[in-house]
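Novice: A single structure is presented below for examination.
The values are calculated or read from the model by the stated rules, or taken from the named source; none is laboratory data. Everything numeric here is computed off the predicted structure, so don't read it as measured data. Because the Cβ atoms are built from the backbone with ideal geometry, glycine has one as well, and the counts that use them run over all protein chains shown. Remember, those area values only see protein heavy atoms, side chains included, never the ligands or the DNA or RNA. Shrake-Rupley method; radii C 1.70, N 1.55, O 1.52, S 1.80 Å.
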Amino acid sequence: MLINGGVFWDDWILYDMPKSTVLQVFTDVGAPYIGVLHNFLNSFDNPVFMYRVITLSLQIASVLILNRILVYIRVTDKYDRFYVLMLFALVPFYASKVTLIMLPATLSYAIFIFAFYLLMRYLSQKLLYLRLLSLMLFFVSFSLNSLLVFYAVPIYFLVSDRSPKKLFDFKISYYIDFLRTHKYLKILDFLLLPFIFWVVKKLAFPLGGAYLNKSYNELSIKALLKFPLRFLETVKNSFLGVFSEFYSYIAIDLFYGLLFIGVLMVGVISSKFIFSNRAARVESRVESSKKFLVVGFIVFLLGSLPYILVKKIPSFEGYETRHQVLLSLGFSLLMFGFLLLIKNNVVRRLFFYVTISVFVTCTLAFQLQYLKGWLKQEAIHGIFAKELTEDTASLIIVHDSTKVYNATSRDIAFYNYNGIAKKATGLQQFFIIEQEEYDSYLIGETTYEGRMEAFNMQDYEIGHKAASITFSFGDTALDVLTTLRLSLLYHTDLPLFEQQVESILSYEINE
């Protein structure tokens, strides 16, 4: 992640953009505070690197804090926590966290986990400042609106008061008694918090601009009725999808198969020599398994619910991985529950090591694909720097036969091409768009109206001459080793990098 200098997808409405434009974009979506955050990060000399350092740091911190939460919950020993945390840390969900635009979501989730930890500490120590700090951080974390639903997870633990018996009893009588005896009044501040946030957001930060008259992330009766089927699709995308992604990579490149075997061997050997026998194995515990499966299912459901209800189904497709941001915890608990069901110790251990090896292989494969996407951008940048001038046609239709080099399965959007052209030439007079997206534009499905500057085309004028450019594979193929070599070369010998990256693509311009 840290060696990737690429700017992807909606990052181009942030990168090298006037602060006023960034702030206006996020004000229109009802989140000006996120615009302020992006403007602050973009003020650094190397903002792309800064974004990724922070993202990686937050990911690591979230794992460490989750470990402390599991300690306070008192339902796992240190060996169980090791397996749950390994699954949580390595499951290859939310690959789009590498993008700049998703840092606020990563930050919000990390703040949420820290607030959860403070809540657990409060329940143990009963110190008022812990309660207040937890409330404040939960409120801040809700800037990722899906956490308003996921907040039911800490509320559940709050109601159970960390009691392992109450956590896993699931007896309706306990909750009826909780309401009948007015115990809820003791946690009324926590119960009201998401509603207070929602009211404040609606009143203080309403939608505006292009989003004013759109049903942006709105719920509907139709979406509620379709929820069961869409949830099943999410389960399939998550549990079968990760193995499908793994197979797709090992089927096209021997490197990933060898990587899988290497990681598997490291896991098996390390468990034998680094961990104790008790740490390296998990005993079959059917009753414990049922508890982990039930809680894992509920947490997974709450992590997917807010996205499914606004018709955004979590998957590994393109940048849709952003909707997987809350799935890792429920997924890891479910997988650990399955692990506990396996009675044969050898089979159980093999299942765990194979699963972890699949996760690591997929994670590295996703990161390598983003590196390829960045290198392709650099090649396009070199082409635009040589070919685009003030006299070049303003409308440029792109025909791309090298989409296998894209960062994801999603096509490169027009404002991404415009941003690369702006970076290469300093000009914002171009509307550079792939043929398929241009066809959508002609029938009104794609639009740039009202956001010319944010789309890096503020000087574009309709009616000027048009041209087309065709990208084809060049002399240098982006296999795994070449991708890694060029990525490192960028940081060690930039002139040589610029010379060699040009050969990734060949091109032809027709006016």
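Novice: To one decimal place, what orientation-averaged projected area in nm² is obtained for the convex hull of the Cα set of the chain? Please report the intermediate quantities before stating the final value.
Specialist: Numbers: hull surface 104.9 nm².
Mean shadow area of the hull around the Cα atoms is 26.2 nm².
Novice: Taking only the alpha-carbon positions of the stretch 395-468 and ignoring solvent, what does the Debye formula give for the base-10 log of I(q)/I(0) at q = 0.14, 0.16 Å⁻¹?
Specialist: With one equal scatterer per Cα and no solvent, log10 I(q)/I(0) is -0.42, -0.56.
Novice: Would you list, by chain and number, the lysines whose Cα falls below 16 Å from the Cα of residue 97, excluding same-chain residues fewer than 8 positions away?
Specialist: Qualifying lysines at Cα under 16 Å: none.
Novice: So which helices of the chain fit the span-like rule, where a helix is a whole DSSP H run, its Cα atoms reach 24 Å or more along the axis, and its mean Kyte-Doolittle is at least 1.0? Before the final figure, lay out the partial values.
Specialist: Values: long enough: 47-73 (38 Å, 1.57); 103-125 (33 Å, 1.21); 254-273 (29 Å, 1.96); 286-308 (32 Å, 1.39); 345-387 (63 Å, 0.54).
The qualifying helices are 47-73, 103-125, 254-273, 286-308.
Novice: Would you pull out the residues with amide H under 5 Å of residue 431's amide H, same chain only if 5 or more places away, H placed 1.01 Å from N?
Specialist: Distant-sequence amide H within range of residue 431: 395, 396.
Novice: Counting DSSP beta bridges in the chain, what percent are antiparallel, to the nearest 5? It would help to have the intermediate numbers written out before the result.
Specialist: Numbers: 6 of 16 bridges.
So the antiparallel bridges in the chain amount to around 40 percent.
Novice: Another question, if that's okay. Of all the accessible heavy-atom surface of the chain, with the other protein chains kept in place and a 1.4 Å probe, what percent is carbon and sulfur?
Specialist: Numbers: 15090 of 23770 Å².
The C+S portion of the solvent-accessible surface of the chain is 64 percent.
Novice: Along the charge dipole of the chain, which of 379, 365, 136 sits closest to the positive end, that is, farthest toward it, with unit charges on the beta carbon of Lys, Arg, Asp and Glu (+1, +1, -1, -1)?
Specialist: The listed residue farthest towards the positive side: 136.
Novice: Note down the magnitude of the dipole of the chain about its Cα centre, charges +1 on Lys and Arg C-beta and -1 on Asp and Glu C-beta and zero elsewhere, to the nearest 20 debye.
Specialist: Values: 46 positive and 41 negative charges, 821 e Å.
Dipole about the Cα centre, nearest 20: 3940 debye.
Novice: Then there's this: Which whole-number value in Å² is the accessible area per residue of the chain, probe 1.4 Å? All intermediate terms of the calculation are to be shown ahead of the outcome.
Specialist: Values: 23770 Å² over 511 residues.
I get 47 Å² per residue for the chain.
Novice: Next up: Longer than 26 Å from Cα to Cα, which of 78/236; 312/376; 78/290 are they? Say none if no pair is.
Specialist: The pairs that break the limit, which is 26 Å between Cα atoms, are 78/236; 312/376.
Novice: What is the set of long-range amide H partners of residue 102 at a cut-off below 5 Å, with H atoms built 1.01 Å from backbone N?
Specialist: none
Novice: Suppose only helical runs count, i.e. DSSP H with n ≥ 4. What mean residue ellipticity at 222 nm does that imply for the chain under -39500 (n - 2.57) per run, divided by all residues and rounded to the nearest 500 deg cm²/dmol?
Specialist: Details: 22 runs with 309 residues, N = 511.
Counting only the DSSP helices, I get -19500 deg cm²/dmol.
Novice: If you average the C-alpha positions of the stretch 348-365 and of the stretch 106-165 separately, how far apart do those two centres end up, in angstrom?
Specialist: Cα centroid of the stretch 348-365 versus Cα centroid of the stretch 106-165: 31 Å apart.
Novice: Show the residues, 5+ positions off or on another chain, whose built amide H is closer than 5 Å to the amide H of residue 29.
Specialist: The answer is 208.
Novice: Taking +1 at the Cβ of each Lys and Arg and -1 at the Cβ of each Asp and Glu, which of 429, 304, 67 sits farthest along the dipole of the chain towards its positive end, judged by Cα position relative to the Cα centre?
Specialist: Toward the positive end, the furthest listed residue is 67.
Novice: In percent, how large is the relative contact order of the chain, given Cα pairs closer than 8 Å and 6 or more residues apart? Write out the running numbers ahead of the final one.
Specialist: Values: 704 pairs, mean separation 88.4, N = 511.
So the answer I get is 17 percent.
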